[in-house]
Amino acid sequence: MIIMTERVKDDLLKLAKERNIYLEGNILKVINTDGDEEFEAYVQEAIEQDKITRRKRLEMTKQVQSQNKELLESQREKDELMDDLKEALQQAEDAKLEAQNDLDVLQKKTQFELIGQIVTVALWIIMGVGVTTTGLFIVAMYTGVDTTLIGNTWSNLFGILLTNSFSIIGTIMGVKYSSESSSRSSKDSA
């Protein structure tokens, strides 16, 4: 047991009266009051104040622990949402790339079909003009008509048709090459 001097007792009582400050903790359990009723009342009041203070601290600790638990749960939920968002973003990027690839394939298929149709029509026209001119030339030869004009026309027409057919094919190949290189450069820049 701890025995307090009169001066210490007076200082503790004065501190309690003037500033409402009491001793706290386990030291209160080992103080010997030596039958001093006023100091014994002080110790009892200090014990009650200590109990109230400890209860408040315990409540505060529980409240802080509860808030920490809520914060940890919120952080976990936020992390899960971030993971879900990252996954959704990756899926959207993948879908975008797939759609772009499908569009490129569709455009190339459409261009290829268009080029095929142009070449087919051009060849039919060239063959039609060539067959018609050849037919006229043959008819003129068998009927005895002068074939000089028709022969020159036939020769010039075939030269023009060949030149134009190569020009058409060259243009088509140039457009095809240009569209392929522009799609390559757009993919490289993306």
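FYI, it's all coordinate maths here, none of it is from the lab. As the structure is a computational prediction, the values presented were derived from the model and not from experiment. Using ideal geometry, Cβ is built from the backbone for each residue, glycine included, and neighbour counts are taken over all protein chains shown.
Listed options for Kirkwood radius over Cα pairs in Å are (1) 27.8; (2) 17.7; (3) 20.8. The value calculated from this structure is the one marked (1).
Potential lengthening of the chain between ALA88 and GLN107 amounts to 4.0 nm, from the contour at 0.36 nm per residue minus the alpha-carbon distance. Overall, the anisotropy analysis places segment 24-81 in the prolate class: the square-rooted eigenvalues a ≥ b ≥ c of its C-alpha gyration tensor yield a/c not less than 1.5, with a/b exceeding b/c. Pairs of lysine residues in segment 50-190 that meet both criteria, 8 or more places apart or on different chains and Cα atoms under 23 Å apart, total 13. To the nearest 10 degrees, how steep is helix 37-143 against the longest Cα principal axis of the chain, on a 0 to 90 scale? Result, in degrees: 0. Put in line by how crowded their Cβ is, counting other Cβ atoms within 10 Å and starting with the fewest, VAL30, VAL129 read VAL30, VAL129. Here segment 40-60 is scanned for amide nitrogen atoms under 11 Å from the site 7 Å beyond the Cα of GLU24 along Cα-to-Cβ, giving 49-58.
By the helix-only formula, in which each DSSP H run with n ≥ 4 contributes -39500 (n - 2.57) and the sum is divided by residues, the chain has a 222 nm mean residue ellipticity of -32500 deg cm²/dmol. The aspartates and glutamates whose alpha-carbon is closer than 13 Å to the alpha-carbon of LYS29, local same-chain residues fewer than 8 away aside, are GLU40, GLU45, GLU48, ASP50. A simple spin-label model places the labels of ILE115 and VAL129 2.3 nm from each other, with each point 7 Å out along Cα-to-Cβ. Taking amide H positions as modeled 1.01 Å from N, with prolines and chain starts lacking one, the residues under 5 Å from ILE31 and 5 or more places away or on another chain are ILE2. Applying the criteria of a DSSP loop state and at most 14 other Cβ atoms within 10 Å to the trypsin sites (Lys or Arg not before Pro) of segment 60-165 yields no site.
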